[in-house]
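To keep things clear, I will list the structure first and then write my remarks on it.
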Amino acid sequence: FFGEYSCSSSGKWAICWMDGDQAGNRGGARNSGSGPYVLCDLSQDKVLLKGHLERPNNGRVADSGVFLLEDWMFHGGLCGTLYATDTRGKELLRHSFEANLYNSEPSGNGAWAICQTCINPKSEDGNTLALFDVRSGMLLFRVHPETPWADSYDLRPSEGKAFVVIKGVGRFAYDANGKFLDALAYEDASLKRGEFGSIIFAAKDLLKEHPGDPAAAQRLLGWTPARAVLDVQIADAWSWHQKS
């Protein structure tokens, strides 16, 4: 077998996959030639499970051995299917989106799974953050996130929280119903640690949310790390909101 792989945090499991036909003649976008995957028990040094999807990608495996695979599909277009499977090969979750999948991750115990989709202006599935209860196969929430696309996730079913992790900014929680719990913390972190462009957008969004509020403008001027450069931008935004 030749392909990519990802290990569980415990080091016991590895999910391996290849987005190409088994003969190795065709890989990536194609109309046929299913791609193989294998689940390995590294503690026993053996292959536990074998299977195929059309275009398996972005495998992730929990410490329980439950693993996720994204199927990027043969027929192209903006679509993708998220699968969760247990160590016996039982399909626990299958959910199709009318949007490409950006990333996905299970919780440490495999009880939850989360995924982020890419943009599709013609479908509500575009730019969606979706959380699933893997054991029941239920969709817990599907929202258009208030945060940028996450680099990774920290799912905590026992706490009823799903944290998105954004490099250089921080970790921010949604509850099991999709309510964003850390709006103020994210706002602060974006203005303190974000890139120049994201700071500008965050500043303008805050002023848009609180038009005519001098306190909002004052908070921005106090938070901004590049204040000398951004004072003019914030002043312009403030002036625009006063006029509007």
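The values are calculated or read from the model by the stated rules, or taken from the named source; none is laboratory data. None of these values were measured; they are calculated from a predicted model. Every residue, glycine as well, gets a Cβ built from its backbone with ideal geometry; the counts of neighbours run over all protein chains shown. For the accessible areas, the whole protein counts, side chains as well, though only heavy atoms, and no ligand, DNA or RNA atoms are used. Shrake-Rupley method; radii C 1.70, N 1.55, O 1.52, S 1.80 Å.
Computed values, structure above
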| item | result |
| --- | --- |
| Qualifying residue in segment 158-166 (condition: open to solvent by 50 Å² or more (accessible area, probe 1.4 Å) and either at pLDDT below 95 or over 30 Å from LEU78 (Cα atoms) (or both)) | yes |
| Positions within segment 42-85 being outside any strand (DSSP E or B) and either among the aromatic types (Phe, Trp, Tyr) or touching a strand residue (DSSP E or B) at 6+ places or on another chain (Cβ under 7 Å) (or both), in sequence order | LEU42, GLU54, ARG55, ALA62, GLY65, VAL66, TRP72, MET73, PHE74, CYS79 |
| Condition check for GLY108: in contact with a Gly (Cβ under 8 Å, 6 or more places away or on another chain) and part of a loop (DSSP other than H, G, I, E, B) | no |
| Matching residues, segment 112-157, being open to solvent by less than 40 Å² (accessible area, probe 1.4 Å), assigned to a loop (DSSP other than H, G, I, E, B), more than 19 Å from ASP182 (Cα to Cα) and hydroxyl-bearing (Ser, Thr, Tyr) | SER123 |
| Test: residue in segment 21-34 that is open to solvent by less than 30 Å² (accessible area, probe 1.4 Å) and at pLDDT 95 or above | no |
| Residues (within 16 Å of the chain's Cα centre (by Cα) and open to solvent by 10 Å² or more (accessible area, probe 1.4 Å)) located in segment 62-85 | TRP72, CYS79, TYR83 |
| Subset of segment 86-105 that is in a strand (DSSP E or B) and among the charged types (D, E, K, R) - its residue that is nearest to the chain's Cα centre (by Cα) | GLU105 |
